[in-house]
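Following: one structure in structure tokens, then a few remarks.
The values are calculated or read from the model by the stated rules, or taken from the named source; none is laboratory data. Small disclaimer: the values here were computed from a predicted structure and weren't measured. Cβ coordinates were reconstructed from backbone atoms using ideal geometry, including for glycine residues, and neighbour counts include every protein chain displayed. Heads up: the accessible areas ignore ligands, DNA and RNA and are worked out on the full protein's heavy atoms, side chains in. Shrake-Rupley method; radii C 1.70, N 1.55, O 1.52, S 1.80 Å.
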Amino acid sequence: MSSAAAPQLSVDTLRHDWTLEEVQALYDLPFNELVFRAAEVHRAHFTPNQVQVSTLINIKTGGCAENCGYCSQSAHHEKEIDIEREALMEVETVLKAAAEARANGASRFCMGAAWRKPNERDMKKVVAMVEGVRDMGMETCVTLGMLEAEQVAQLKAAGLDYYNHNLDTSREYYGNVVTTRTFDDRLDTLRRVREAGINVCSGGILGMGESRRDRALLLQELANMDEHPDSVPINKLVPVKGTPIGDQLAESRDIDPFEFIRAIAVARILMPKSYVRLSAGREEMSDEAQALCFMAGANSLFYGDKLLTTDNASTNRDRELFDKLGIQPEQVHESA
Ligand code: SAM
Ligand code: DTB
Ligand code: SF4
């Protein structure tokens, strides 16, 4: 527990100079106090009971050159994992899936690719996908790995709304998770995306064996960016058999649900105007834990039976949960 007192904040506080002690002191508040404060901040900036809904598609599967220890798609541990490499999808296939997602109520379509960084030929197809999805009146998001300035410019010209690029964990813990790139590589891409005027989607994964201090450091890093990420995905590790971190977790304990909810609440307080996304890991989460996440300020989620390579909470279960809690999905744009 940290000994510093939690900062007294107005709900409108928008800061970029959080100290680690302040973040830790928020984390250490009594649970109900923390959730109450986060809910106050949430209500000051968003329509309560409204959740932004994104649907994911994996446009290129497996064979990735990076060695992220949690990931089913890394070539470094693919011999241990039951997953087939697949080439970049055809544009029409992706647009068909986007139309389905739209019909099911998603307002944003997020396209993910298992790349360290895209090449020129890939970029042409991705640009066509972004333009096509955009023309349907949906918001677009892609996550393609590291980007050069020229590639960022191409995506901006295509009308891309969001780029997802997660920091994943604290700078200190980063080397335990991936060694083929650095924390600063990640920050460089995020900076390029921000400078080009594309909305930033950046968050992390909890439950990889990191400490509460690491979680506080991750949230501090995100909150102290010159501009807060517009969207902050908080993933709970989906332990994939055959990945170094997934296998470790099978031998230890999963992250405590209250610890996860605390992270959502702290993210909400530090970044009052950002969408905080309750991301991977909902399949294993109880309805009650998810309800507490919404109360603590989560206002976005991935909707659809699949995430990238693993199962998501089913759409039927989500519809029932929304009904039980009186949650409304944010509306799809009318301009299709
Ligand atoms: N290759 C690109 C990259 O890493 O930026 C894009 C795709 S990558 C799969 C997108 C994000 O998914 C990762 O940054 C990570 O935060 C998240 N992710 C991947 N595997 C996960 C898992 N098993 N559990 C939770 N989150 C995961
Ligand atoms: C994010 O933060 N989470 C999503 C999305 N951005 C790309 C991915 C979750 C992946 C979960 C593991 C899988 O399905 O392979
Ligand atoms: Fe590759 Fe992304 Fe998976 Fe890392 S998280 S191995 S970069 S697909």
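Before moving on, here are some points about what is shown:
- Cα pair count fraction exceeding 39 Å, expressed as % - the chain: 7 percent
- Counted charge near Gln24, where neighbours are those whose Cβ lies closer than 10 Å (Asp, Glu -1; Lys, Arg +1): 0
- Among the chymotrypsin sites (Phe, Trp or Tyr not before Pro) within the stretch 204-300, not one is in coil by DSSP while having at most 14 neighbouring Cβ atoms inside 10 Å.
- Residue list for the stretch 137-179, given a label point 7 angstrom along the Cα-to-Cβ vector of Glu227 and an amide N cut-off under 13 Å: 161-163
- Of all DSSP beta bridges confined to the chain, the antiparallel ones make up roughly 5%.
- If both residues of a DSSP beta bridge must be in the stretch 51-125, then about 10% of such bridges are antiparallel.
- Cα gyration tensor shape for the stretch 159-302, rounded if a/c is under 1.5, else prolate or oblate: oblate
- Separation of the stretch 266-306 and the stretch 1-73, taken as the distance between their Cα centroids, equals 9 angstrom.
- Computed FRET value (nearest 0.05) for Glu86 with Lys324, which takes r as the C-beta separation and R₀ as 41 Å: 0.65
- Sites Glu131 and Ser10 - FRET efficiency at Förster radius 41 Å, r taken between beta-carbons, to 0.05: 0.45
- Cα lying deepest toward the dipole's positive end in the stretch 213-336, options Leu217, Asn235, Ala289, charges on Cβ: Leu217
- For the chain, accessible area per residue (1.4 Å probe, heavy atoms of protein chains only), Å²: 44 Å²
- Take the Cα of Lys273, go 7 Å toward its beta carbon, and the backbone nitrogen atoms of the stretch 1-32 under 17 Å from that spot belong to 10-18.
- Checking every one of the GluC sites (Glu not before Pro) in the stretch 254-336 against DSSP loop status and a limit of 12 other Cβ atoms within 10 Å picks out Glu334.
- Applying both filters, DSSP loop and at most 10 other Cβ atoms within 10 Å, to the trypsin sites (Lys or Arg not before Pro) of the stretch 228-295 gives Arg253.
- Tensor-based shape of the stretch 251-336 (alpha-carbon gyration tensor, a/c under 1.5 rounded, otherwise prolate or oblate): oblate
- Projecting the Cα atoms of Ala75, Val127, Pro244 onto the charge dipole of the chain (Cβ charges, centred on the Cα centre) puts Val127 farthest toward the positive pole.
- Calculated mean residue ellipticity, 222 nm, the chain: -12000 deg cm²/dmol, from DSSP H runs (n ≥ 4) at -39500 (n - 2.57) each, averaged per residue and rounded to 500.
- Heavy-atom surface analysis with a 1.4 Å probe gives the chain a carbon and sulfur content of 47 percent of its accessible area.
- The residue among Tyr174, Val91, Leu270 whose Cα reaches farthest toward the positive pole of the charge dipole of the chain, with charges on the beta-carbon of Lys, Arg, Asp and Glu, is Val91.
- Absence of a disulfide-compatible partner, taken as no other cysteine beta carbon within less than 4.7 angstrom, is noted in the chain for Cys64, Cys201, Cys293.
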